[in-house]
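Structure in structure tokens, see below.
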Amino acid sequence: MQIPTLPDRIDPWQLAAENGRLDGELRLAALPRLAALLEHANGTVSVALAAGVDEQGLRFVEGSLQTEVELICQRCLGPLRLPLRVAVSLALIRAESEPEFARLPSQREPLLAAGADLAVADLVEDELLLALPQIPRHRDARECEAAGYHAPPSQPTPNVGQPQAFAALASLLQDSKRSN
């Protein structure tokens, strides 16, 4: 089965007016801002988006994006495979000052589309970037341990026999309280 190719650019206003669909795949390597954050930019992202006009007369783009990316775990510095399933729910606006911006439903995010030309790859890349965790790490610390990470002990071990840095200050404080 051949996967349909996505157009490079679309007119989102016309797509919504025609109740159009965007179905296909994009290579992760074709998304430069996302690829810069990944360990390997191998693979593709599946795109399934539909556009239309809702009951309030707002034009929208909604659907889903699915991919699996490989990041670096910030705890163990090992590879982290992360499946991404991103729900897309955008409302088209021409400018932030438009009345439509103020009446956007809470479930839709604004998509500023001032012109009639929008790069599909930029739209997909923006949504995937927003779905990435700020600090990627394995959910289960045992996966980090398997990569050689050893968690610090939960209780610090006391340095028995070593002089304490502020011990002299404590004795000065006690001396000053006695003299007052």
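Select from region 54-66 the residues that are open to solvent by less than 40 Å² (accessible area, probe 1.4 Å) and in a loop (DSSP other than H, G, I, E, B) and list them in ascending order.
Within region 54-66, Asp54, Leu58 meet the criteria.
Out of (1) in a loop (DSSP other than H, G, I, E, B); (2) open to solvent by 30 Å² or more (accessible area, probe 1.4 Å), the odd one out for Ala48 is which?
Unmet condition: (1).
Next up: Are any residues in region 89-130 open to solvent by less than 40 Å² (accessible area, probe 1.4 Å), in contact with a strand residue (DSSP E or B) (Cβ under 7 Å, 6 or more places away or on another chain) and part of a helix (DSSP H, G or I), and if so, which ones?
Across region 89-130, the qualifying residues are Val120, Ala121, Val124, Glu127, Leu128.
Output the residues belonging to region 3-30 that are within 17 Å of Leu112 (Cβ to Cβ) and not in a helix (DSSP H, G or I).
Once the filter is applied, which keeps residues that are within 17 Å of Leu112 (Cβ to Cβ) and not in a helix (DSSP H, G or I), region 3-30 yields Arg9, Ile10, Asp11.
Hey, another quick one. Return yes when Val69 is of a type in the set (Val, Ile, Thr), open to solvent by less than 30 Å² (accessible area, probe 1.4 Å) and closer than 19 Å to Gln14 by Cβ and no when it is not.
Criteria not met by Val69.
Each row is one residue, and each column tells you yes or no for (1) over 26 Å from Pro4 (Cα atoms); (2) modelled with pLDDT of 90 or more; (3) outside any loop (DSSP other than H, G, I, E, B); (4) touching a Leu at 6+ places or on another chain (Cβ under 8 Å).
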site: Gly52; (1), (2), (3), (4): no, yes, yes, no
site: Glu68; (1), (2), (3), (4): no, yes, yes, yes
site: Leu77; (1), (2), (3), (4): yes, no, no, no
site: Leu80; (1), (2), (3), (4): yes, yes, yes, yes
site: Val86; (1), (2), (3), (4): no, yes, yes, yes
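Could you tell me whether Ala35 is within 16 Å of Ala131 (Cα to Cα), in contact with a helix residue (DSSP H, G or I) (Cβ under 9 Å, 6 or more places away or on another chain), open to solvent by less than 90 Å² (accessible area, probe 1.4 Å) and free of Cβ contacts under 8 Å to residues at least 40 places away in the same chain?
Against the criterion (within 16 Å of Ala131 (Cα to Cα), in contact with a helix residue (DSSP H, G or I) (Cβ under 9 Å, 6 or more places away or on another chain), open to solvent by less than 90 Å² (accessible area, probe 1.4 Å) and free of Cβ contacts under 8 Å to residues at least 40 places away in the same chain), Ala35 qualifies.
The values are calculated or read from the model by the stated rules, or taken from the named source; none is laboratory data. Keep in mind that what you see is a predicted model, and the values were worked out from it rather than measured. Methodologically, a virtual Cβ is constructed for each residue, glycine included, from the backbone with ideal geometry; neighbour enumeration extends over all protein chains shown. Side chains are part of the model used for accessible areas, which takes the heavy atoms of the whole protein and leaves out ligands, DNA and RNA. Shrake-Rupley method; radii C 1.70, N 1.55, O 1.52, S 1.80 Å.
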